[in-house]
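A.B. asks: My questions all concern the structure below.
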Amino acid sequence: MNMNVIKKNLEKSQVEINVELTLDEFKPYIDQGVIKLSKDVKIEGFRPGKVPYDILKQKIGEMSILEEAARIAINKTIDKALFDNVKEQPVGQPQVSITKLAPDNPMEYKVVLALIPEMTLGDYKNAKVKAEKAEIKDEEIDKTITQLREMRAKEVMSDQPIKDGDKVIANIKMFLDKVPVEGGQSKDTAVIIGKDYFVPGFDKKLIGAKKNDVREFKLPYPKDHHQANLAGKMVEFKVTVKQVFNREIPKMDDELASNFGVKTLDEFKKNVKQSLEHERKHQAEQKTDIKMLDKIMAGCKFSDIPQVLIDHEAQIMMAELEQGVTQQGGKFEDYLTSLKKTREQMMLDIMPDAVKRVKSALMIREIAIKEKIKVEEKEVDEEVEKLIKQYKGYEKVEQRVKEPSYRAYLKNSLTNKKVIDKLREWNVEK
């Protein structure tokens with residue numbers, strides 16, 4: 001088939017392919033469209049798939065037949081049109097639109113495709129940066145142990161007046177000049193007495209109250225509070241106490257250590273320190289990598305980046321943010337409300353970092369090509385086996401890691417890791 005194809009370069013690393021099928025080239029797809037549609041349309045006297053064109057046209061209209069024929073034609077011809085005319089590497093899904101479709105006429109369609117943008121690498125072997133230090137202070141270890149002890153606190157329901165250290169479940173209503181604050185009404189909110197709630201002094205106002213008591217009071221919001229409508233204002237509260245719990249914090253002894261799977265308190269402290277050191281080391285490495293990649297990126301030149309790449313990265317970042325909030329026990333919608341932002345506004349805020357992450361990925365990809373840094377299939381197999389062992393028993397996870405798309409993701413991820421390791425060798429001063 002000799003389709004007439006015209007290629008046109010667009011801005012932002014995009015290309016437009018216009019494909020024309022002559023009437024003779026389009027006719028076989030019209031026949032296929034008739035067969036397909038006639039299988040679904042019941043017409044007396046004709047078997048499914050055997051309805052003639054003219055009869056079907058009377059029943060469903062000529063344009064319905066042509067539209068089905070166009071869908072079949074595009075599916076059958078688009079791969080060849082792109083393969084023969086686009087030598088650059090595409091990204092994302094092509095945008096396809098029919099540009100000409102009429103009885104007894106050629107059929108035309110247009111494909112807009114985003115391409116991997118062109119880039120020029122700078123000097124990526126001499127972007128010298130100093131490694132960030134991972135420091136742990138004794139008070140951080142003490143603070144972590146205190147948090148772990150509180151997580152293991154025994155809670156016993158109480159009818160006694162609220163005292164310091166208790167946990168209170170309450171319904172809270174907030175007002176400004178007796179008008180309810182939007183989003184300021186909450187039910188079954190947990191408050192630990194002795195720990196600052198969203199406004200300093202809130203917890204102390206509940207001391208002495210009992211279950212079912214109602215406390216009404218006013219408190220000034222901090223001037224630098226993130227909610228502009230409340231910052232620096234005197235807010236009225238109406239708090240209904242629903243439940244009171246006495247909390248017994250475990251003592252610092254060997255029994256506490258046994259709750260965390262070790263025998264002695266000294267061993268427990270040592271484990272906490274090692275865990276913090278590991279976390280800080282990881283954070284320091286991340287900071288060093290970002291500093292190094294930023295410095296290398298500053299010496300690179302990029303052509304216009306397709307919006308599809310930026311949008312895709314922003315969606316990934318939004319999903320990561322939502323997952324982080326959920327893992328900490330929060331609701332993402334509440335998090336957005338606290339920032340006074342919609343999802344759309346948050347997406348706009350994310351965009352500059354999404355551009356940066358896309359540029360970083362393109363740069364790492366280019367370095368991998370130039371330095372011939374590759375990942376063998378055997379290495380991917382080993383990573384897949386490791387994941388299957390790690391998630392043994394989770395059938396959905398096991399199936400997911402075996403899929404070709406996930407293998408491709410793993411291969412890309414392992415390649416990126418190899419490139420970063422090389423860049424560290426060349427650029428990070430210990």
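A.B. asks: Exactly one of (1) surrounded by fewer than 16 Cβ atoms within 10 Å (Cβ to Cβ); (2) assigned to a strand (DSSP E or B) is unmet by residue 271. Its number?
C.D. replies: (2)
A.B. asks: Here is a list of conditions, (1) more than 32 Å from the chain's Cα centre (by Cα); (2) at pLDDT 90 or above; (3) among the basic types (Lys, Arg), and residue 130 meets all of them except one; can you say which number that is?
C.D. replies: Status for residue 130: all satisfied but (1).
A.B. asks: Right, something else. Criterion first (among the basic types (Lys, Arg), at positive phi and either at pLDDT below 95 or touching a helix residue (DSSP H, G or I) at 6+ places or on another chain (Cβ under 8 Å) (or both)) does residue 178 satisfy it?
C.D. replies: Against the criterion (among the basic types (Lys, Arg), at positive phi and either at pLDDT below 95 or touching a helix residue (DSSP H, G or I) at 6+ places or on another chain (Cβ under 8 Å) (or both)), residue 178 qualifies.
A.B. asks: Applying the selection to the range 274-286, what residues are surrounded by 15 or more Cβ atoms within 10 Å (Cβ to Cβ) and under 24 Å from the mean Cα position of the chain (by Cα)?
C.D. replies: 280, 284, 285
A.B. asks: Could you run through the range 1-45 and say how many residues are assigned to a helix (DSSP H, G or I) and either within 30 Å of residue 362 (Cα to Cα) or of a type in the set (Lys, Arg) (or both)?
C.D. replies: Counting residues in the range 1-45 that are assigned to a helix (DSSP H, G or I) and either within 30 Å of residue 362 (Cα to Cα) or of a type in the set (Lys, Arg) (or both) gives 3.
A.B. asks: Keeping to the range 45-88, report how many residues are under 30 Å from residue 115 (Cβ atoms) and either in contact with a Ser or Thr (Cβ under 9 Å, 6 or more places away or on another chain) or outside the structural domain of residue 28 (by TED's automatic domain parsing) (or both).
C.D. replies: 1
A.B. asks: Hey, any hits in the range 125-138 for a residue that's among the β-branched types (Val, Ile, Thr), touching a Leu at 6+ places or on another chain (Cβ under 6 Å) and touching a residue at least 24 places away in the same chain (Cβ under 8 Å)?
C.D. replies: yes
A.B. asks: Could you give every pair whose Cβ atoms fall below 8 Å, whose first residue belongs to the range 384-400 and is in the same structural domain as residue 412 (by TED's automatic domain parsing), and whose second residue is of a type in the set (Asp, Glu), counting only separations of at least 6 or pairs across chains?
C.D. replies: Listed pairs, sorted by first residue: 388/398; 391/398; 392/398.
A.B. asks: Return the residue satisfying two criteria in turn: it lies in the range 245-257 and is surrounded by 14 or more Cβ atoms within 10 Å (Cβ to Cβ) and free of Cβ contacts under 8 Å to residues at least 24 places away in the same chain, and of such residues it is nearest to the chain's Cα centre (by Cα).
C.D. replies: 257
A.B. asks: Further question: For the range 101-125, enumerate the residues that are over 30 Å from residue 420 (Cβ atoms), charged (D, E, K, R) and part of a loop (DSSP other than H, G, I, E, B).
C.D. replies: 104
Let's see how each residue does on (1) in a helix (DSSP H, G or I); (2) in contact with a helix residue (DSSP H, G or I) (Cβ under 7 Å, 6 or more places away or on another chain); (3) surrounded by fewer than 16 Cβ atoms within 10 Å (Cβ to Cβ):
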position: 360; (1), (2), (3): yes, yes, no
position: 372; (1), (2), (3): no, no, yes
position: 382; (1), (2), (3): yes, no, yes
position: 393; (1), (2), (3): no, no, yes
position: 397; (1), (2), (3): yes, no, yes
position: 419; (1), (2), (3): yes, yes, no
position: 425; (1), (2), (3): yes, no, yes
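A.B. asks: Does the range 130-169 hold any residues that are among the charged types (D, E, K, R), touching a helix residue (DSSP H, G or I) at 6+ places or on another chain (Cβ under 6 Å) and within 15 Å of residue 194 (Cα to Cα), and which are they?
C.D. replies: Correct list: empty.
A.B. asks: Next question, about the same structure. Among the residues of the range 103-134, how many are hydroxyl-bearing (Ser, Thr, Tyr) and surrounded by 16 or more Cβ atoms within 10 Å (Cβ to Cβ)?
C.D. replies: 2
A.B. asks: For the range 213-244, give me each residue that is free of Cβ contacts under 8 Å to residues at least 60 places away in the same chain and hydroxyl-bearing (Ser, Thr, Tyr).
C.D. replies: Result: 221, single match.
A.B. asks: For the range 8-34: of the residues being of a type in the set (Val, Ile, Thr) and surrounded by 15 or more Cβ atoms within 10 Å (Cβ to Cβ), which is farthest from residue 66 (Cα to Cα)?
C.D. replies: Here the answer is 15.
A.B. asks: Now for a different question. Could you tell me whether the range 295-302 includes any residue that is in contact with a helix residue (DSSP H, G or I) (Cβ under 9 Å, 6 or more places away or on another chain), in a helix (DSSP H, G or I) and either among the acidic types (Asp, Glu) or within 30 Å of residue 260 (Cα to Cα) (or both)?
C.D. replies: no
A.B. asks: I would also like to ask the following. Working only within the range 35-54, note down all residues that are over 46 Å from the mean Cα position of the chain (by Cα), modelled with pLDDT of 75 or more and either within 15 Å of residue 72 (Cβ to Cβ) or loosely packed, with under 15 Cβ neighbours inside 10 Å (or both).
C.D. replies: Within the range 35-54, 42, 46, 50, 52, 53, 54 meet the criteria.
A.B. asks: Return the pairs, sorted by first residue and then second, in which the second residue is among the charged types (D, E, K, R) and part of a strand (DSSP E or B), the first residue lies in the range 175-191 and is surrounded by 14 or more Cβ atoms within 10 Å (Cβ to Cβ), the beta carbons are less than 8 Å apart, and the residues are 6+ apart or on different chains.
C.D. replies: Once the first residue is surrounded by 14 or more Cβ atoms within 10 Å (Cβ to Cβ) and sits in the range 175-191, its partners that are among the charged types (D, E, K, R) and part of a strand (DSSP E or B) give 175/236; 175/238; 176/236; 184/173; 191/167.
A.B. asks: Also: Among the residues of the range 46-79, write down those that are in a helix (DSSP H, G or I), under 12 Å from residue 31 (Cα atoms) and of a type in the set (Gly, Ala, Ser).
C.D. replies: Hits for the range 46-79 are 69, 70, 73.
So that you can scan it fast, the table gives a plain yes or no per residue for (1) of a type in the set (A, V, I, L, M); (2) within 40 Å of the chain's Cα centre (by Cα); (3) in the same structural domain as residue 160 (by TED's automatic domain parsing); (4) modelled with pLDDT of 95 or more:
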site	(1), (2), (3), (4)
204	no, yes, yes, no
207	yes, no, yes, yes
215	no, no, yes, yes
220	no, yes, yes, no
223	no, yes, yes, no
226	no, yes, yes, no
232	no, yes, yes, no
241	yes, yes, yes, yes
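The values are calculated or read from the model by the stated rules, or taken from the named source; none is laboratory data. Here the structure is a predicted model, which is why all the values come from computation and not from measurement. Glycine gets a Cβ as well: all are built from the backbone with ideal geometry, and neighbour counts include every protein chain shown.
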